[in-house]
Amino acid sequence: MKLLFARLATHRNQLWQWFVRHAESKHALGWLGIIAFFDTIFLPIAPEIFMVALMLAHPKRWKAYLAIALTASIAGAIVSYFIAYFLFTQLGPLLLRSDAMQHAFLAAQHLFGSHIFLTMVTTSFTPVPDKLFIYAAGFLQVNFFLFIAGHFVGRGARMAALLYLTGRYGKHVIDIVDRYFLWFGGAVLALGVLYAIVWWCILPFLG
């Protein structure tokens, strides 16, 4: 276990050094757009880490960082949504052959779709990768505009908060996020699960 954590720490340090080097390059904004775009599709690297390096290099360009990262993130979310949407059109009839699967799908679609805006906002502040919820939104074919609006507000708020904290505390913001994000994100996730249990399992019996 110690060896695993040591390797993860080494990998993280190497990744940070890569971010620091490219934050000073003339292609920094292009790299930011690429990372933010593919983050919402498959990339296991959050663009916010690169944004910290960019803020340390050129803090006055924070508006450009936010605009590019958020626009690219929304574009990636749109692509992921329609990838999942297309997969459902191909696989849906096979998966929903049984009455039980149809009932489960409709229940999930109703629960997720009825709260898609709030779900996309809150998941931006949990440790769960939001790309999972993006693909779920497309697969369940929830309202596209509410989905994008929720992603815009949630991801935009997360990026803006990080830029502000970086401008105020510098590189120490990484330690702050490491220390408190999992606790805060875990609490948000727990509240979401509790709400889902009440909505899906308890309220039907009371009704």
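The values are calculated or read from the model by the stated rules, or taken from the named source; none is laboratory data. Since the model is a prediction, treat every value here as computed from it, not as a measurement. Ideal geometry is used to build each Cβ from the backbone, glycine not excepted, and the neighbour counts take in all protein chains shown.
With respect to (1) touching a residue at least 40 places away in the same chain (Cβ under 8 Å); (2) loosely packed, with under 13 Cβ neighbours inside 10 Å; (3) over 17 Å from the mean Cα position of the chain (by Cα), the lone exception for F82 is condition (3).
Only one of the numbered conditions (1) more than 30 Å from S25 (Cα to Cα); (2) part of a helix (DSSP H, G or I); (3) of a type outside the set (S, T, Y) is violated by I74, and that is (1).
Would you call F5 surrounded by fewer than 14 Cβ atoms within 10 Å (Cβ to Cβ), assigned to a helix (DSSP H, G or I), more than 19 Å from the chain's Cα centre (by Cα) and at pLDDT 90 or above? No; evaluated as a whole, the condition is false for this residue. For region 47-61, the count of residues that are touching a Phe, Trp or Tyr at 6+ places or on another chain (Cβ under 7 Å), among the aromatic types (F, W, Y) and either exposed (fewer than 12 other Cβ atoms within 10 Å of the Cβ) or more than 20 Å from A149 (Cα to Cα) (or both) is at least one. Counting only helices (runs of 4 or more DSSP H) that fall entirely inside region 95-167 and contain at least 3 residues that are within 15 Å of Y85 (Cα to Cα) and either among the small types (G, A, S) or in contact (Cβ under 8 Å) with a residue 12 or more places away in the chain (or both), the qualifying elements are 99-114, 130-139. With the condition kept exactly as written, say whether any residue in region 100-117 is surrounded by fewer than 19 Cβ atoms within 10 Å (Cβ to Cβ) and modelled with pLDDT of 85 or more. No, region 100-117 has no match at all.
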